[in-house]
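Peer 1: Could you have a look at this structure, given as C-alpha cells, before my questions?
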Amino acid sequence: MSSRRPPRWSFVPACLALTLLAITAPASRAAAAVFNVAIGIDPDNLDPAQVTTTTVGNMIDYVVETLLTIDEHGRFVPLLAESWTVSSDGLRYTFKLRPGVRFHDGTPFDAQAVKWNFDRLMDRAVRVPLRPDWEGKVEVVDPLTIRISLQQPFAPLIGGLSFTVAGMLSPASADKLGNDYKNYTHLVGTGPYVFKERRRGESITVTKNPSPSTPASPFSATGGYGRRSTTRSTRPPS
C-alpha cells in the first residue's frame, strides 16, 4: 500500500501486517480473489478529512484518490489532476482535471466537486485534525479546471494535496449511506476499489472497481491485488 506523507503533516506510525489469501499463480492473475490485510487497530474513523494516522490513511486510499500522488522516486505526479501550473509569485495554483472520471456512485468528478471538497476541508464546522494552514480561496475556472489563490506563498501545498486528508469524496453522497457533511462513514470515491461495508472491530471490505478512471493510481498500475480486499482488525472495538 502506498503512504503519502507531505511536508509538515506528521503522523503516528502503526504496525501493519499483510496476509495474502486465495491468490493464484501469476499466469492466472485475473482469477485472484481475495487480499486480506490484518492491522492492530480498529479505525477511529474513515473520513479522509479526519485522518491522523498512516494506518487509517492507507485503508482509505483503496477507495479515495487525491489530485496528486507520489511516485516510486518520491516525485509529485498527477492523479485526479492531469497537470498543474504555479504562478511566478507562488500565489496561484491551477489544476487541469482528468476528464471522464466518475465517482463510484456515477456522479462526475469535476471542478465543482473539487471545490466542494476543498471548501469542506477548510470549513471550521468540520473536524479536521490536520487542517492545512494556508489561507486563500478556491475557484472553478471551467468544468475541468480549478484554481487555488493564496494570500501568501505556502510551499507545502503540493505535498499536502497528495495526502489522504485532501482525498476527493462524492458531494452527492454527503447525506446518503449513513454519511453526513461533518462525518463520512461510507466512502464514495474514485479509486480502484469500491467501499462495500465495515463491521466495527472486525473488518472493512472493498471490492475492485471494474472501470477505474486513473491508471496512474499505485493500485491500478499493478492491476490491483484482487477482486476483493478485506482489512481485518486484530483488536476489539473501543
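Please treat every number below as a calculation from the coordinates, not as lab data. Here the structure is a predicted model, which means the values were calculated and not measured. Because the Cβ atoms are built from the backbone with ideal geometry, glycine has one as well, and the counts that use them run over all protein chains shown.
Peer 1: Using 0.36 nm per residue, how much length does the chain from Thr107 to His186 gain when fully extended, once their Cα-Cα distance is taken away? Before the final figure, lay out the partial values.
Peer 2: Numbers: separation 79, 0.36 × 79 = 28.44 nm, distance 1.58 nm.
Roughly 26.9 nm would be gained on extension.
Peer 1: Can you put Ile70, Ile41 in order, fewest other beta carbons within 10 Å first? Display every interim value, and only then the final one.
Peer 2: Numbers: Ile70 20, Ile41 16.
Taking fewest neighbouring Cβ atoms as first place, the list is Ile41, Ile70.
Peer 1: So what's the net charge close to Lys96: Lys and Arg +1, Asp and Glu -1, counting the other residues with Cβ under 11 Å from its Cβ?
Peer 2: Values: positive: Arg98, Arg147; negative: Glu82, Asp142.
Within the 11 Å Cβ shell, the charges total 0.
Peer 1: Also: What do you get for trypsin sites (Lys or Arg not before Pro) in segment 70-172 restricted to DSSP loop and a cutoff of at most 10 other Cβ within 10 Å of the site's Cβ?
Peer 2: Details: sites: Arg75, Arg92, Lys96, Arg102, Lys115, Arg120, Arg124, Arg127, Lys137, Arg147; in loops: Arg75, Arg124, Arg127.
Here the trypsin sites (Lys or Arg not before Pro) that fit, given the DSSP loop and packing criteria, are Arg75, Arg124.
Peer 1: Can you grab the distance from the C-alpha centre of segment 183-216 to the C-alpha centre of segment 121-179, Å, no decimals?
Peer 2: 20
Peer 1: I've got another one for you. Can you tell me which lysines have their Cα less than 23 Å from the Cα of Lys176? Leave out same-chain residues fewer than eight positions away.
Peer 2: Correct list for Lys176: Lys115, Lys196, Lys208.
Peer 1: What does the C-alpha gyration tensor say about the overall shape of segment 55-165? Classify as rounded when a/c is under 1.5, otherwise prolate if a/b is larger than b/c, or oblate. Mind showing how you got there, number by number?
Peer 2: Values: a/c = 1.21, a/b = 1.13, b/c = 1.07.
Judged from the Cα gyration tensor, segment 55-165 comes out rounded (a/c under 1.5).
Peer 1: Would you work out if segment 67-107 is rounded, prolate or oblate? Take a ≥ b ≥ c from the square roots of the eigenvalues of the alpha-carbon gyration tensor; rounded if a/c is under 1.5, else prolate when a/b is larger than b/c, oblate otherwise.
Peer 2: On the way: a/c = 3.30, a/b = 1.43, b/c = 2.31.
Cα axes put segment 67-107 in the oblate bin.
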